[in-house]
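Reviewing the structure listed below.
Only the coordinates and a few stated rules stand behind these numbers; no lab work does. Here the structure is a predicted model, which means the values were calculated and not measured. Counting neighbours? That spans all protein chains shown, and the Cβs are built from the backbone with ideal geometry, glycine included.
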Amino acid sequence: MGQADGVILRLKDQGEYDQVLTLITKDGPLRGIAKGAKRSIRRFGGRIETLNRVTVEYTRKKEGSLAVLKESVLTEYFEHIPENLIALARCLYLGEFIEASQGEGEGMFNLYLGFLRRANAGKATEEIFRLTELKLLAYLGYCPSLSRCASCGESISGKARFSFSKGGSLCPRCQGKESLSAGRSHPEISLETIRALEKGLGLKDKVLDRLKFSKKSLLEAHEIFPAFIRYTLERDLKSLRFIEKIANYDLPGTDKKA
Ligand SMILES: [Zn+2]
């Protein structure tokens, strides 16, 4: 019998009574079936909801196979997140990012929980969302080089562009050497944005709420990070389309309530 502490990222009905769950845990994503979940109030009742944090008991034939959940205990829930569509979409997107990356580790799990708690308190700003993407990339070993050119290592002082393949900023000289054509995007990254992101990464968690990026930096980060994440994962994240749909009504930098 195994035990896991996780956040329910996805729920799918299977048959009349069962549900298949995908959980984000510190040991990586866990998929399990809750047999009779829709009628066993004693074992699962009311606890199996998206983004609920639960402790589950499970058995599994072998590593990687579908776990059979025996019981779940609700340990934390975020009832206010669904009240804000942007916050909800971001929480699902970050979860899907962790799942797709097969990311694991206490630090990564706590970072995700921290974002959920902020979102629940109405304090998951766009700045914090971008920093969370950046920190998740760092946990996965893809922390982009920002203030130094990812190609030659020189300090960035002028007009930089972000290269997905090099994993960071490119100085004007290296932009000339890299072929910037062939349909590959190299979005601009200004010195202002580089400084804002590095400042944010250096801040202690409790003072993050005060962090403000300029509209220009929010737009640049919006152009860079989701696309860089897509590049590193080599796949699309479904919830990103959901965010983009919402963003059509609400441009980056205008969701101060998120
Ligand atoms: Zn360079």
Original post:
What percentage of all Cα-Cα pairs in the stretch 70-183 are separated by more than 24 Å?
Top reply: 43
Original post:
Once label points are set 7 Å from the Cα along Cα→Cβ at both Glu244 and Arg117, what is their separation, rounded to one decimal in nm?
Top reply: 3.4
**OP:** With +1 on each Lys and Arg Cβ and -1 on each Asp and Glu Cβ, and nothing else charged, work out how big the dipole of the stretch 83-167 is about its Cα centre, in Debye to the nearest 20.
**Re:** 360
Subject >> Proximal aspartates and glutamates to Lys238, defined as alpha-carbon separation beneath 13 angstrom and excluding residues fewer than eight positions away on the same chain >> reply: Glu96, Glu99
Original post:
Taking H as built 1.01 Å from N, whose amide H comes closer than 5 Å to the amide H of Ala67, not counting residues under 5 places away?
Top reply: Arg31, Gly32, Ile33
Original post:
Once you wrap a convex hull around the alpha carbon atoms of the stretch 2-76, what is its projected area averaged over all directions, in nm²?
Top reply: 4.3
Original post:
Which value in nm describes the separation of the simple spin-label points at Thr75 and Ser155, placed 7 Å from the Cα toward the beta carbon?
Top reply: 4.5
**OP:** Could you work out the Kirkwood radius for the chain, taking every pair of different alpha carbons, averaging 1/r and inverting it, reported in Å?
**Re:** 19.6
Subject >> Inter-centroid distance (Cα atoms) of the stretch 134-200 relative to the stretch 203-219, Å >> reply: 19
Original post:
Among Val7, Val68, which comes first, second and so on when ranked by fewest other beta-carbon atoms within 10 Å?
Top reply: Val68, Val7
Subject >> Derived scalar couplings ³J(HN,Hα) [the stretch 29-43; Karplus, 6.51 cos²θ - 1.76 cosθ + 1.60; whole Hz; x for Gly, Pro] >> reply: x, 10, 10, x, 9, 9, 6, x, 4, 7, 10, 8, 5, 5, 8
**OP:** At most 13 other Cβ atoms within 10 Å and a DSSP loop assignment: could you name the chymotrypsin sites (Phe, Trp or Tyr not before Pro) in the stretch 9-65 that fit?
**Re:** Tyr17
Original post:
Magnitude of the Cβ-charge dipole of the stretch 2-76, K/R +1 and D/E -1, about the Cα centre, nearest 20 debye?
Top reply: 200
Original post:
Using a Förster distance of 22 Å, how high is the FRET efficiency between Lys12 and Ile41, based on the Cβ-Cβ distance and rounded to 0.05?
Top reply: 0.65
Subject >> Residue-wise HN-Hα coupling along the stretch 76-89, computed from phi with Karplus coefficients 6.51, -1.76, 1.60 (Hz; x: Gly, Pro) >> reply: 7, 9, 10, 5, 8, 4, x, 6, 10, 4, 5, 4, 4, 4
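How about the stretch 204-246: which trypsin sites (Lys or Arg not before Pro) there lie in a loop by DSSP and see at most 15 other Cβ atoms within 10 Å?
Working: sites: Lys204, Lys206, Arg210, Lys212, Lys215, Lys216, Arg230, Arg235, Lys238, Arg241, Lys245; in loops: Lys204, Lys212, Arg235.
Listed in order of number, the matching sites are Lys204, Lys212, Arg235.
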Subject >> Net dipole in debye of the chain [+1 Lys, Arg Cβ; -1 Asp, Glu Cβ; about Cα centre; nearest 20] >> reply: 80
Subject >> Extension gain (nm, one decimal) between Glu49 and Ser65, 0.36 nm per residue minus Cα-Cα >> reply: 3.5 nm
Original post:
Name the GluC sites (Glu not before Pro) in the stretch 53-116 that are in a loop by DSSP and that have at most 15 other C-beta atoms within 10 Å, would you?
Top reply: Glu63, Glu79
